[in-house]
1. Which whole-number value in Å³ per residue fits the convex hull of the alpha carbons of the range 88-173?
2. With the cut-off at 21 Å, report for the range 41-130 the share of all Cα pairs above it, as a whole percent.
3. Could you put THR69, THR152 in order, starting from the residue whose Cβ has the fewest other Cβ atoms within 10 Å?
4. Provide MET177, MET170 in ascending order of the number of other Cβ atoms located within 10 Å of each residue's Cβ, fewest first.
5. What list do you get for ILE144, ILE119 if you sort them by fewest beta carbons within 10 Å?
6. Scan the range 102-184 for trypsin sites (Lys or Arg not before Pro) in coil per DSSP, keeping those whose Cβ has at most 14 other Cβ atoms within 10 Å, and list them by number.
7. Taking 7 Å along the Cα-to-C-beta vector as the label spot, tell me the SER52-SER67 distance in nanometres, rounded to one decimal.
Amino acid sequence: MFSTFCTTTLAAIATGPAHWKPRLLCAALALTAASFAAPTLGHATPINYTVSGTTDLAGDTETITGSFTFDTSNSTESNVTITLTGAAPFAGTYTRIAPFNTTLNSLIEAQSTTAVLGILFVDFLNVSPDNIAELEYQPTPGGIPTFDRSPTGSATFAVPEPASLPLLAMGLAGLGMVRRTRRG
C-alpha cells in the first residue's frame, strides 16, 4: 500500500500542476520518514517491553505496571521490573535483572524477597500488544500459589522517543522546500 502511494505521488509530482508539486513532495517525504520512525511487528532481539494491566488475586484487585527485555532468539528475559499495587501480601516490586533462560517464549518470571511472580502471555513474546493470559503468585519457600486466569492488560513494545526527531527534521525540511519554491 505504501509503495503504491509513493508511486502515485511521484507520478503526480512529475505530471501534475506546478502548485501541487511542493505539497505532494512534502507528503511523500513525511510518509517516508514516518515509515522509518514507526515501530514494526518484526523487531531485532532483544525486545524491550512495557507491561500494564490489572489482576484479581484472592479477591484483591492489583494494578500491574513494569517493564522487561526479552530475547526471542534464546528465550532469555532480563531487566524485569514488575510492580503490583494493591493489597498485601501481593503488592510489591518483583525483579530479575540478570539474564534468565525461560522454558517458554511467552512467560516472564520475577521475584521479591517473599514470592515469585509469573506472567504468561497469549502469544510468543515477539508481537505487540501481547495480552496477559495468566498471572501466578507463588509465595516462597513452598507456599500455596494464587492464580488469576483472566487478568486484563498487555505487554507492548517500548518505542524509543528519539524516533520522532528524524520525522520532525523531515517535516521542517519539507516546509523549507515549500517556502523556497514559493519565493521563486
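No value in this document is a laboratory result; all are computed from the given coordinates. Just so it is clear, the model here is predicted, and its values are computed rather than measured. For neighbour counting, all protein chains shown are included, and Cβ atoms are generated from backbone atoms with ideal geometry for every residue, glycine included.
1. Taking only Cα atoms, the range 88-173 has a hull volume of 148 Å³ per residue.
2. More than 21 Å apart: 28 percent of the Cα pairs in the range 41-130.
3. The fewest-first ordering by Cβ neighbours comes to THR152, THR69.
4. Fewest-to-most Cβ neighbours within 10 Å comes out as MET177, MET170.
5. With the sparsest Cβ surroundings first, the list reads ILE144, ILE119.
6. Passing sites in the range 102-184 are ARG149.
7. 1.3 nm
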